[in-house]
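The values are calculated or read from the model by the stated rules, or taken from the named source; none is laboratory data. Please read all numbers here as calculations on a predicted model, not as lab measurements. Ideal geometry is used to build each Cβ from the backbone, glycine not excepted, and the neighbour counts take in all protein chains shown.
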């Protein structure tokens, strides 16, 4: 309980401990992250078959819509990362939400594939895709150092929890009201939930006279080190000149390319096997539930062991989960494949949220991750249309999913060889690190 409490802001005259405001931000961005699953996120796959039937849009075009969103996010993520670092995530969250719900309200009026692609591209430009991770994760990276694994675990749970709720709910809305009305209803709920919560988000604890983790600000001269927070500070220019940065970019490029070919198309793939849409939506919700467990397990492991070891094992197991997906041809097998995939996808989500701040510090966390995103999102954008074309040509997704398994195993190999960066030789050796900021702070100097 004491970890949830923090010091009061200087000069407030308040006595005794109070809830550290960083946990308020964790709660807000976790809920916002969960809500993103309803805003043309993970639930988009449920719309493919009904929209395909009514509009005659090909599977590849749906893939291009997702790619357009990711490529647009890749173009703007370096700028958005700096904005979040310098100004905070509140305004970007509000703008992104307004553009996203506006685009969703236009989707029922789509009559051609290019219009679908244009709407999703506009959503991506404002961070309604991959760059949204900057809005959810960066504030938490800045508010926590010692307790970052715990805080990141909670935030990373938002996406799978949102899928647990909104994927089955989306199918209920489509079945009950049709896909067009479902888009309107989801947009309304999203605006009502996200916009008020965005107002709670603040850039960093120092803006409120606080310190990371709720440490006691003894004086105006107190620093992170004085408060028991020991963390290297890397600027963007310094980070991009390290081998570590580019190794991580390579890892997540390979992983996102593989996952991009799977995420959107698993839902219609199982429907193509003759499994009912209701069962597929339930299995997708179970996928998200196990992702929640995977996220928490990965967070606990990363607080004890080096992140590169935990992450590489998770990526290799994710490749095994994709192998299960390939051989799943009935409902029971589908539930097993979805559950296993979800667990290790949750671990991968935790890895991607945690490793950038863990390796490069909190001061420029948004900008550092923002500069990695153009490359990783471009690779991710190749997967959805490529898988759509493979399905349109061959009648199935298996050929490209075998490639995905190979890419995930390659990513695991590169990650296990990716050491934390060294700052003038003063950074702790990897064998002194356990993935825990506490351990890093207490380790003897090299």
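Residue check: is residue 319 in a helix (DSSP H, G or I), under 27 Å from residue 142 (Cβ atoms) and at pLDDT 90 or above? Spelling it out, it is not the case that residue 319 is in a helix (DSSP H, G or I), under 27 Å from residue 142 (Cβ atoms) and at pLDDT 90 or above. May I ask you to verify whether residue 311 is in a helix (DSSP H, G or I), surrounded by fewer than 24 Cβ atoms within 10 Å (Cβ to Cβ) and touching a helix residue (DSSP H, G or I) at 6+ places or on another chain (Cβ under 9 Å)? So residue 311 fails the test. Of all residue pairs spaced 6 or more apart or on separate chains, those with beta-carbon atoms under 8 Å, a first member in region 146-162 that is over 23 Å from residue 285 (Cβ atoms) and a second member that is in a loop (DSSP other than H, G, I, E, B) and at pLDDT 85 or above are 150/144; 151/144; 152/144.
Would you confirm whether any residue within region 375-389 is out of contact with any strand residue (DSSP E or B) (no Cβ under 6 Å at 6 or more places or on another chain) and farther than 24 Å from residue 69 by Cα? No, because not a single residue in region 375-389 is out of contact with any strand residue (DSSP E or B) (no Cβ under 6 Å at 6 or more places or on another chain) and farther than 24 Å from residue 69 by Cα. From the list 366, 383, 370, 342, the one residue that fits, being in contact with a helix residue (DSSP H, G or I) (Cβ under 7 Å, 6 or more places away or on another chain), crowded, with 24+ Cβ neighbours inside 10 Å, at pLDDT 85 or above and assigned to a helix (DSSP H, G or I), is 342.
Being more than 30 Å from residue 327 (Cα to Cα) and at pLDDT below 85 narrows it down to one of 425, 388, so name that one. Break it down stepwise before answering.
Numbers: 388 fails: more than 30 Å from residue 327 (Cα to Cα).
Of the residues listed, the single one that is more than 30 Å from residue 327 (Cα to Cα) and at pLDDT below 85 is 425.
For region 388-402, enumerate the residues that are under 27 Å from the mean Cα position of the chain (by Cα), more than 14 Å from residue 318 (Cβ to Cβ) and assigned to a helix (DSSP H, G or I). Give the steps one after another, and end with the answer.
If we filter region 388-402 for residues that are under 27 Å from the mean Cα position of the chain (by Cα), which is where we start, we get 388-391, 397-402.
Filter again for more than 14 Å from residue 318 (Cβ to Cβ), leaving 388-391, 397-400, 402.
Scanning region 388-402 gives 388, 389, 390, 391, 398, 399, 400, 402.
Would you mention how many residues in region 240-275 are touching a helix residue (DSSP H, G or I) at 6+ places or on another chain (Cβ under 7 Å) and without any contact (Cβ under 8 Å) to a residue 60 or more places away in the chain? Here the count works out to 1. Against the test of being touching a helix residue (DSSP H, G or I) at 6+ places or on another chain (Cβ under 9 Å), in a helix (DSSP H, G or I) and modelled with pLDDT of 90 or more, the options 121, 61, 76 yield a single qualifying residue, 121.
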